[in-house]
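The values are calculated or read from the model by the stated rules, or taken from the named source; none is laboratory data. Bear in mind the structure is a predicted one, so any value in this text is a computation, not a measurement. Neighbour counts are summed over all protein chains in view; Cβ atoms, including those assigned to glycine, are modelled from backbone coordinates with ideal geometry.
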Amino acid sequence: MDKQVNSLDSELRNRAKKVVPGGMWGHMNAAALPEGYPQFFARGSGSRLWDVDGNEFVDFMCSWGPIILGHHHPEVDEAAQKQLARGDCLNGPSESMVELAELLVEMLPHATWAQFQKNGSDAMTTAATISRAGTGRRKILVASGAYHGAVPWCSPSLLGVTAEDRAHIVQYEYNDVESLNRAADQARGDLAGIIASAFKHDYGRDQCLPTREFAKAARAAADAADAALIVDDVRAGFRLNLGGSWEAVGVRPDLSAWSKSIANGFALAAVTGNERFRDATSKLFTTGSFWCSAVSMAAAVATLTALRRDNAIEHMERLGGMLRDGLGSLSKTHGLPIRQTGPVQMPMVLFEDDPDNRKGFAFCSATVKRGIYFHPLHNMFLSAAHTTNDIERALDAAEHGFRAVRDSLTNSAGVSRN
Ligand SMILES: *Cc1c(COP(=O)(O)O)cnc(C)c1O
């Protein structure tokens with residue numbers, strides 16, 4: 001019965017440990033997840049995912065964001081395969097780059113141009129560099145605890161990072177107008193850009209949408225200094241609003257960064273911008289060997305077209321709402337309070353009074369064994385492929401999850417702690 005032993009997953013983990021430092025790097029290391037989570041996957045289809053041992057999961061992580069239409073979406077895959085048959089990595093971009101840039105400019109009210117990269121870190125670094133190139137200044141405001149990528153100027157880990165890498169980064173608190181203005185004051189005369197996430201989606205913390213007051217203050221502070229307002233829409237992009245996440249608060253950025261869901265899992269990132277930064281961007285030397293890959297761009301055109309046509313956001317909101325309501329009432333029934341924060345289509349679920357995450361881990365360990373892939377500490381993701389049945393299955397599993405939390409509390413109460 002014990003699938004941890006003799007499973008292909010554990011065999012692959014052992015082999016990987018020998019040839020990949022730590023077995024796996026970064027946030028996808030399954031060792032950081034509750035017991036029962038697989039490290040290796042075999043395939044995905046729609047809202048479902050299969051690990052290498054054939055276990056099936058309803059996927060509420062959507063590859064940590066990219067999968068927005070569902071795994072292996074037929075239209076996106078067809079567009080990608082058609083392009084692959086003609087060529088992917090050529091001596092320059094294909095026609096689809098122009099088509100994609102035109103589509104983004106049409107969809108995003110803030111933008112009159114687009115430029116493409118591979119990863120969200122590339123896009124955020126490029127946006128920061130454009131703000132410096134366009135202003136001739138150095139300081140960049142970043143909210144404390146916000147994630148913008150895993151490169152030295154913004155990585156959450158300081159290992160291998162020098163003080164000089166961060167010399168011109170000034171921190172402020174998200175949604176705190178006073179601290180934002182204080183940071184802008186500190187950078188006075190040298191302010192290049194203000195970076196703000198689409199909403200506050202810090203790891204392991206309650207999520208928070210931007211207030212109108214904060215968004216307007218960020219716009220005003222950038223305008224007063226003739227600096228760039230940069231919205232990091234890498235994670236939330238196209239899940240909250242197809243015109244950009246800050247459309248909801250009536251504020252338009254100068255520059256936006258996109259990646260994760262832009263091509264439904266194909267590797268692509270973008271910076272979009274307005275006229276103020278067109279010239280600086282055209283002069284900047286920025287490039288990557290794979291940034292022009294035609295397959296990803298064809299996939300992005302198909303993805304954005306389908307998102308728009310299918311009212312995908314409405315669907316994700318409806319099912320996300322069902323999940324939130326269901327978890328809320330189970331939590332009440334079991335007398336185990338949880339905090340559900342952020343937009344319903346990017347759910348964050350944290351247990352009250354859980355400083356060491358024991359409850360969250362017990363919950364997820366029980367649900368993953370029933371074929372539901374939740375995350376105890378990171379915001380999760382709905383996709384257009386999730387169905388009412390998926391939510392019902394998730395809530396059935398959650399019933400067991402809450403029971404497991406209760407059991408773990410009873411058990412640990414009887415055991416002396418030291
Ligand atoms: C994931 C993420 C990034 C970095 O994107 P990568 O593709 O992982 O480099 C940047 N900003 C936000 C908000 C993200 O969620």
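Brief remarks follow.
- Of all residues in segment 119-147 being assigned to a strand (DSSP E or B) and not β-branched (Val, Ile, Thr), the one that is farthest from the ligand (Cβ to nearest atom): LYS139
- Residue pairs meeting the criteria (Cβ under 8 Å; at least 6 apart or on separate chains; first more than 14 Å from VAL231 (Cβ to Cβ) and modelled with pLDDT of 95 or more, in segment 141-154; second among the charged types (D, E, K, R) and more than 11 Å from the ligand (Cβ to nearest atom)): SER144/GLU173; GLY145/ARG205; PRO152/ASP165; PRO152/ARG166; TRP153/ASP165; TRP153/ARG166
- The residues of segment 80-129 that are in contact with a Gly (Cβ under 7 Å, 6 or more places away or on another chain) and not hydroxyl-bearing (Ser, Thr, Tyr), listed by number, are MET107, LEU108, PRO109, HIS110, ALA111, TRP113, GLN117, LYS118, GLY120, ASP122, MET124, ALA128.
- Segment 207-226 residues that are in the same structural domain as LEU255 (by TED's automatic domain parsing) and assigned to a helix (DSSP H, G or I), paired with ones that are of a type outside the set (A, V, I, L, M, F, W, C) and surrounded by fewer than 18 Cβ atoms within 10 Å (Cβ to Cβ) (beta carbon under 8 Å, 6 or more apart): ARG212/GLY250; PHE214/ASP176; ALA215/GLY250; LYS216/GLY250; ALA217/ASN181; ALA221/ASN181
- Selection within segment 148-178: residues that are within 14 Å of the ligand (Cβ to nearest atom) and aromatic (Phe, Trp, Tyr). The member of this set that is surrounded by the most Cβ atoms within 10 Å (Cβ to Cβ) is TYR174.
- THR367 vs. criteria touching a residue at least 60 places away in the same chain (Cβ under 8 Å) and either out of contact with any Cys (no Cβ under 7 Å at 6 or more places or on another chain) or small (Gly, Ala, Ser) (or both): no
- Flag for ASP396 being in contact with a Lys or Arg (Cβ under 9 Å, 6 or more places away or on another chain), at pLDDT 95 or above, surrounded by fewer than 24 Cβ atoms within 10 Å (Cβ to Cβ) and assigned to a helix (DSSP H, G or I): yes
- Pair list, Cβ under 6 Å, 6 or more apart: segment 75-104 residue surrounded by 15 or more Cβ atoms within 10 Å (Cβ to Cβ), other residue at pLDDT below 95: none
- With respect to (1) over 17 Å from the mean Cα position of the chain (by Cα); (2) among the aromatic types (Phe, Trp, Tyr); (3) surrounded by 22 or more Cβ atoms within 10 Å (Cβ to Cβ), the lone exception for TRP258 is condition (1).
- One residue from GLN345, GLN340 being crowded, with 17+ Cβ neighbours inside 10 Å and part of a strand (DSSP E or B): GLN340
- Exclusive hit being more than 12 Å from LEU141 (Cβ to Cβ), small (Gly, Ala, Ser) and at pLDDT 95 or above, set ALA192, ALA183, ALA196, ALA163: ALA163
- Close pairs from segment 318-334: first among the basic types (Lys, Arg), partner buried (at least 17 other Cβ atoms within 10 Å of the Cβ), Cβ under 6 Å, at least 6 apart: ARG324/GLN340; ARG324/VAL344
- Some residue of segment 202-224 being under 30 Å from ASP88 (Cα atoms), touching a strand residue (DSSP E or B) at 6+ places or on another chain (Cβ under 6 Å) and more than 12 Å from the ligand (Cβ to nearest atom): no
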